[in-house]
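In what follows, a structure is listed as structure tokens, so that the remarks can point back to it.
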Amino acid sequence: MHHACRTAVNRFCQTVSVFFLSAALVGTAAHAGERKRAPAKKEQVSSSSAKRAVAPRKASASNRVVRITAKSAKAPTRVAYTPAPPRLSFGQIAGLHEITDPLDLKSSVALVIDQDTQEVLLSKNDHAVLPIASLTKLMTGMIISQARLPMDEPITITQEDVDTEKGSRSRLMVGSTLTRGEMLHLALMSSENRAAHALGRTYPGGLEVFVAQMNAKARLLGMTDTKYVEPTGLSSRNQSSARDLATLVNVAHGDPLLRELSTSPGYEVAVGHKTLQYNNTNGLVKNPTWDIGLQKTGYISEAGRCLVMQAQVAGRKLIMVFLDSAGKFSRLGDAERVRQWVESKPELPLQAVRAVAR
């Protein structure tokens, strides 16, 4: 019995051992199969990784483009606009604005003279030689007026009259034809550059002779600080001093044509099928409180805002010169300051006001 039991137990143990051994062999075989299949799986992963290694560059690039475009469409990227700093005038570079005066003028150069007595009422940097911009046209007008050329002679704007110095615009297109008188009117009243250039170009002998006449006239008048290189004032090489310009205003005021055209409030000209309206560049000519006998404005960045005038103030004939004014309307403001100052003491002889360094 005991032997039979032991035999049965041994058989049971053998059976269990065989079962576990078989299971172990099956498991081992399964792991071996997995190990055998792994290289193939790894190979597939490597292949797809290779594809992803190339594709992401294209996808990323296109994605970046899409994202930027979408972002731009929804909320455009705002780039802060920084305007270019304004170009300094010659007067600013020279430090002329550091000189102050009792009237707190905004022009770095000023001169006010009693036309009858030649008494200097106000003086500020009056010997400084600076670009004069379109104040040049006052001499241009004087040469044309004194040449006694026919004012009804037609003059046509050509490509030569187009501004290549500053690239300024004009409503007188190439091919436009006006009379010499109309060209002179526009040049003096509204500072028309092409009109002024055409006047010099069509002068007997041409532009070179005309500019020579401008300089000869300046020397004749004793304007020793003055030089002209062209008739418009667009060139910063057209230069003068307040003293010289006061002389020019005094002489030009004696010409009835220059007085009439420079103080005209507005003027219409027919150009082809169009009628163009021009206005005076000096707003004071329309002001009923002013009695202006002659005037001219000017501006280029190198010169600042400029103004010369002959005007009656408190019963006195005054010549005013303002150069290198720092603001768009400050030259007119300076003229108003001078007028108020003169009107405040009309019964007294005026003492010369001189500027001083800060």
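Could you please give the count of residues in the range 288-307 that are hydroxyl-bearing (S, T, Y) and free of Cβ contacts under 8 Å to residues at least 24 places away in the same chain? Outline the logic, then answer.
Quick first cut of the range 288-307, residues hydroxyl-bearing (S, T, Y) only: 289, 297, 299, 301.
Checking which are free of Cβ contacts under 8 Å to residues at least 24 places away in the same chain leaves us with 289.
Counting residues in the range 288-307 that are hydroxyl-bearing (S, T, Y) and free of Cβ contacts under 8 Å to residues at least 24 places away in the same chain gives 1.
Which residues, taken from the range 114-135, are within 26 Å of the chain's Cα centre (by Cα) and either on the phi > 0 side of the Ramachandran plot or modelled with pLDDT under 95 (or both)?
Applying the first criterion (within 26 Å of the chain's Cα centre (by Cα)) to the range 114-135 yields 128-135.
Across the range 114-135, the qualifying residue is only A133.
Can you tell me which condition S108 does not meet? The list is (1) buried (at least 17 other Cβ atoms within 10 Å of the Cβ); (2) closer than 19 Å to S262 by Cα; (3) hydroxyl-bearing (S, T, Y), and all the others hold.
Condition not satisfied by S108: (2).
So which residues in the range 271-298 are among the aliphatic types (A, V, I, L, M) and modelled with pLDDT of 95 or more, if there are any at all? Outline the logic, then answer.
Of the range 271-298, the ones among the aliphatic types (A, V, I, L, M) are 271, 276, 284-285, 292, 294.
Scanning the range 271-298 gives L276, L284, V285, I292, L294.
Look at L111 and say whether it is at pLDDT 95 or above, aliphatic (A, V, I, L, M) and either part of a helix (DSSP H, G or I) or more than 20 Å from M223 (Cα to Cα) (or both).
Numbers: at pLDDT 95 or above: yes; aliphatic (A, V, I, L, M): yes; either part of a helix (DSSP H, G or I) or more than 20 Å from M223 (Cα to Cα) (or both): no.
Here the answer is no, as L111 does not meet what is asked.
Restricting to the range 264-287, what's the tally of residues that are touching a helix residue (DSSP H, G or I) at 6+ places or on another chain (Cβ under 7 Å) and touching a residue at least 60 places away in the same chain (Cβ under 8 Å)?
Of all residues in the range 264-287, those touching a helix residue (DSSP H, G or I) at 6+ places or on another chain (Cβ under 7 Å) come to 264-265, 267, 269, 278, 280, 283-284.
Right, trim to touching a residue at least 60 places away in the same chain (Cβ under 8 Å) and you get 264, 267, 269, 278, 280.
Count: 5.
Of all residues in the range 297-341, which are among the basic types (K, R) and either in a strand (DSSP E or B) or at positive phi (or both)? Outline the logic, then answer.
Step one: of the range 297-341, the residues among the basic types (K, R) are 305, 316-317, 328, 331, 337, 339.
The answer is R305, R316, K317.
Considering only residues that are farther than 15 Å from A212 by Cα and either within 26 Å of the chain's Cα centre (by Cα) or of a type in the set (K, R) (or both), which ones fall in the range 136-153?
L138, R148 - these are the residues of the range 136-153 that are farther than 15 Å from A212 by Cα and either within 26 Å of the chain's Cα centre (by Cα) or of a type in the set (K, R) (or both).
Hey, L350 hits all of (1) in contact with a Leu (Cβ under 7 Å, 6 or more places away or on another chain); (2) of a type outside the set (G, A, S); (3) at pLDDT 95 or above but one; which does it fall short on?
(3) is the only condition that L350 fails.
Checking the conditions here, which among S344, S301 is modelled with pLDDT under 95, among the hydroxyl-bearing types (S, T, Y) and over 18 Å from Q115 (Cβ atoms)?
Working: S301 fails: modelled with pLDDT under 95.
One residue alone meets the criteria, S344.
Could you list, in sequence order, the residues of the range 228-238 that are surrounded by 19 or more Cβ atoms within 10 Å (Cβ to Cβ) and more than 17 Å from T297 (Cβ to Cβ)?
First, pick out the residues of the range 228-238 that are surrounded by 19 or more Cβ atoms within 10 Å (Cβ to Cβ): 228, 230-234, 236, 238.
The answer is Y228, E230.
Of the residues that make up the range 139-146, is at least one touching a helix residue (DSSP H, G or I) at 6+ places or on another chain (Cβ under 8 Å), farther than 20 Å from D225 by Cα, surrounded by fewer than 20 Cβ atoms within 10 Å (Cβ to Cβ) and among the hydroxyl-bearing types (S, T, Y)?
Within the range 139-146, one or more residues are touching a helix residue (DSSP H, G or I) at 6+ places or on another chain (Cβ under 8 Å), farther than 20 Å from D225 by Cα, surrounded by fewer than 20 Cβ atoms within 10 Å (Cβ to Cβ) and among the hydroxyl-bearing types (S, T, Y).
So, in the range 285-310, how many residues would count as being surrounded by fewer than 23 Cβ atoms within 10 Å (Cβ to Cβ) and among the small types (G, A, S)?
2
The values are calculated or read from the model by the stated rules, or taken from the named source; none is laboratory data. Worth saying up front: this structure is predicted, and the values here are computed from it rather than measured. Because the Cβ atoms are built from the backbone with ideal geometry, glycine has one as well, and the counts that use them run over all protein chains shown.
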